[in-house]
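Since every read-out is calculated from the coordinates, none of them should be taken as a lab result. Here the structure is a predicted model, which is why all the values come from computation and not from measurement. Reconstructed Cβ throughout: ideal geometry from the backbone, glycine too, with neighbour counts over all protein chains shown.
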Amino acid sequence: MSRPPPAAIVIGASAGAVQALLTILPALPASFPLPVLVVVHVPADRDNVLVPLLQAKCRLTVKEAEDKEPISAGVVYFAPSDYHLLVETDGGLALSTDEAVNYSRPAIDVLFESAADVYGASLIGVILTGANHDGARGLRAVCDAGGVAIVQDKAEAYATAMPAAARDACPAATTMTLDAIASYLASLGVA
Amino acid sequence: MSDSIEDLEIQLLLEALHQRYHYDFRHYARASIKRRLAQARAQLGFPTISALQDRVLHDPNMLPRLLDFLTVQVSEMFRDPSYFRALRETVLPHLRTYPSLKVWIAGCSMGEEVYSLAILFREEGLYDRTIFYATDINPEALAAAEAGVYALDRIRKFTENHQKSGGKSSLSDYYTAAYGRAAFDKSLRSRVVFSDHSLVTDAVFAEMHLISCRNVMIYFDRPLQDRAIGLFRDSLTRKGFLGLGSKESLRFSAHAGAFVEFVEGEKIYQRRDP
Ligand SMILES: C[S@@+](CC[C@H](N)C(=O)[O-])C[C@H]1O[C@@H](n2cnc3c(N)ncnc32)[C@H](O)[C@@H]1O
C-alpha cells in the first residue's frame, strides 16, 4: 500500500525549540510546496518572539496563525501564545482558548490530532526536543492515520523527554538527527 | 478524508440538540467541537457519540452536562489588560459625552468580563449612567456570573491584570474573601441585566453604545461569524464601539466595511455612519 504524497507538515517542540527550528526551517527552499504548522511552548504572557526571529533566517514566509485563515503552501504558521492551533475540517486554520492540554496552551497534541484528522496519510508529523510529554498522543494519531512520524534523535536533543515519549507512543516513528530531518523535509520540495 | 462514522455521529448529535433543545452548534468550528465531544463521550462514560445522543435526547438532565463540554468557560478578569487599557484611554472619553449608556457583554461566561467592565466604568465615573446587558447561552455560567463568586486562587492573576490595565483602585476594594472564595460586591451588578441570549439564534434587543464580545466568535465558522457581526452592527448606535478578542478580527468578515478599526492592535472597532 503506497502513501499519498505529503500535503502538510506539523512540528512540535518545547525546551530547546529555537535552536532546533533554526536548523530545520531555514533549510526549506523558497519554492517549498507544503504548509508547515508549528506549536512551540512559550510562556503564556510573552509575545511570540520566534516569528520575527525565524522570519529573518527563512526563505519561506513565517507568520503567526490567524483564526479562520486559509492554509497556503510554502508558509510556516506558528500557534500564537495562549491559543491552541487546529486544522479545520474545511482545510483552514482555527484557534481556540480551550483548557490547556498537558499543562500547555498551545498544545502539540491538539494540533497534531486535528491535522491527522484532516490530512490522514498525507501528513508528516515531527516531534523535536522538549522536557514534557506533549505531542506523544498527537504523533500517535499521525501514525494511526497512516502519516509519516518522525522524532528527533535523543542523542542530540536538548531535552529528551518529549521525543522519548513520542517514540514510546508511536514505535513506528523514524528517529532522525536535526540535519537529517532538515534535508529530508527540504527534499520534499524537489520534484 | 474525514467522513468517518464519528463525523456522521457528530452531525446527527448536533442536529438532535438543535431540534430537541434549540441549541444550535451546527456551525461551530468543527475541529474543536469534535475534540470536546470526544472528551464528553469519554468522561460521561458512553461507548459512542450515538449512545450519548440517545441519552441526551431522552434525558433532559443530561443537557447541562453536555453543554459544559460544548461551551468553553475559560476566562479571567481583565483578560488581555491592554484591551481594557485601550477602552479606558481611548473609548471611554467618547462614551463620556452621552448622558446614558448601554453596554452589551455577549458571551459573558461566568462574569469575569462583566465585573471587569463594571469596575472600569466605576473607576471612570460612568457606572451610574450605564446599563450592562450580560448574555450567554450556558445557564449555569449565567448563574455563576450573577453570583460573582470566584476561587481565591484566581484573584492574584485578576489583580495583576487589573493593575496592568491601568486600574485606578485596588481590586480588593470590590470583594470580600472567605472560605477560599472571593465574593464580588453586589453594587457592581446593580445595573447589570443577566440574560439568556444566543448569537446564533436570537435577535437584536436594544441599541448599544459598546459591545464587548471576546473569545466567542472564535468558536464559530465563518458564515456564523458573519451572522453575529451583522447582529452587532444592527445593535450598535451610530458610531458605537465593538470590541473583540485579541485573536479575532473583522478581516475575513462580509461586514468588515461597516466598521472602522478604532484602536489598532486591540480589535476595537467603531461602527461607520450608515
Ligand atoms: C471562552 S468564553 C469567553 C468569556 C469572556 N468573554 C472572555 O473573553 O474571557 C465563551 C463564552 O461564549 C458562550 N457562548 C457560546 N456560544 C454562544 C452563543 N451562541 N451565544 C452567546 N454566547 C455563547 C459560552 O457559553 C462561553 O461562556
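Taking the alpha-carbon set of the range A:120-191, what are its Rg and Dmax in Å?
In Å, with Rg to one decimal and Dmax whole: 11.7, 37.
If amide hydrogens are placed 1.01 Å from N in the peptide plane, which non-local residues have theirs closer than 5 Å to the one on residue A:37?
Sorted by chain and number, the residues that satisfy this are A:9, A:10, A:11, A:77.
Compute the Cα gyration tensor for the range B:3-70, then decide on rounded, prolate or oblate, letting a ≥ b ≥ c be the square roots of its eigenvalues: rounded whenever a/c is under 1.5, prolate when a/b is larger than b/c in the other cases, and oblate in all that remain.
Rounded, since a/c falls under 1.5.
Can you tell which of A:103, A:83, A:158 shows the greatest fluctuation in a Gaussian network model of chain A with Cα springs below 10 Å?
Maximum fluctuation in the GNM of chain A, among the listed residues, is at A:103.
Could you tell me the distance between the Cα centroids of the range A:70-111 and the range B:117-190, to the nearest Å?
That distance is 31 Å.
What lysines could a cross-link reach from residue B:186, if we take a straight Cα to Cα line under 26 Å and drop same-chain neighbours fewer than 8 places away?
Counting by Cα, and skipping residues close in sequence, residue B:186 has these lysines nearby: B:102, B:157, B:164, B:168.
Looking at the range B:127-188, which trypsin sites (Lys or Arg not before Pro) are in a loop (DSSP not H, G, I, E or B) and have at most 16 other Cβ atoms within 10 Å?
B:168
Neighbouring Cβ atoms within 10 Å as the yardstick, rank B:196, B:226 fewest first.
Exposure proxy ranking, most exposed first: B:196, B:226.
Count charges around residue A:92 for me, please; just the other residues with Cβ under 12 Å from its Cβ, Lys/Arg as +1, Asp/Glu as -1.
For residues surrounding residue A:92, the net value is -3.
Just to be sure I follow the definition: excluding the sites themselves, where is the longest run in chain B that has none of the chymotrypsin sites (Phe, Trp or Tyr not before Pro) in a DSSP loop with at most 16 other Cβ atoms within 10 Å?
So the longest stretch without any such site is B:1-178.
For chain A, calculate the relative contact order in percent as a whole number, restricting contacts to Cα pairs under 8 Å that are 6 or more residues apart.
Averaging sequence separation for qualifying contacts and normalising by length gives 24 percent for chain A.
Can you bin chain A into rounded, prolate or oblate? Criterion: square roots of the alpha carbon gyration tensor eigenvalues sorted a ≥ b ≥ c, rounded for a/c under 1.5, prolate for a/b above b/c, oblate for the rest.
Judged from the Cα gyration tensor, chain A comes out rounded (a/c under 1.5).
Can you give me the angle between helix B:5-21 and the longest principal axis of chain B, using Cα atoms only, in degrees from 0 to 90, rounded to the nearest 10?
Result, in degrees: 60.
Of the GluC sites (Glu not before Pro) in the range A:45-130, which ones lie in a loop per DSSP and count no more than 11 other C-beta atoms within 10 Å?
Nothing satisfies the criteria.
How far, in degrees from 0 to 90, does helix B:30-44 lean away from the longest principal axis of the Cα atoms of chain B, to the nearest 10?
Relative to chain B, helix B:30-44 is tipped by roughly 70 degrees.
Pick out, in residue order, every one of the trypsin sites (Lys or Arg not before Pro) in the range B:199-261 that is DSSP loop and has at most 15 other C-beta atoms within 10 Å; say none if there are none.
Taking the range B:199-261 and a limit of 15 other Cβ atoms within 10 Å, the loop trypsin sites (Lys or Arg not before Pro) found are B:251.
Calculate how steeply helix B:112-123 sits against the longest principal axis of the alpha-carbon atoms of chain B, using the helix alpha-carbon long axis, and give the answer as 0 to 90 degrees to the nearest 10.
Tilt relative to chain B: about 10 degrees.
Among B:58, B:162, which comes first, then next, by fewest other beta-carbon atoms within 10 Å?
B:58, B:162
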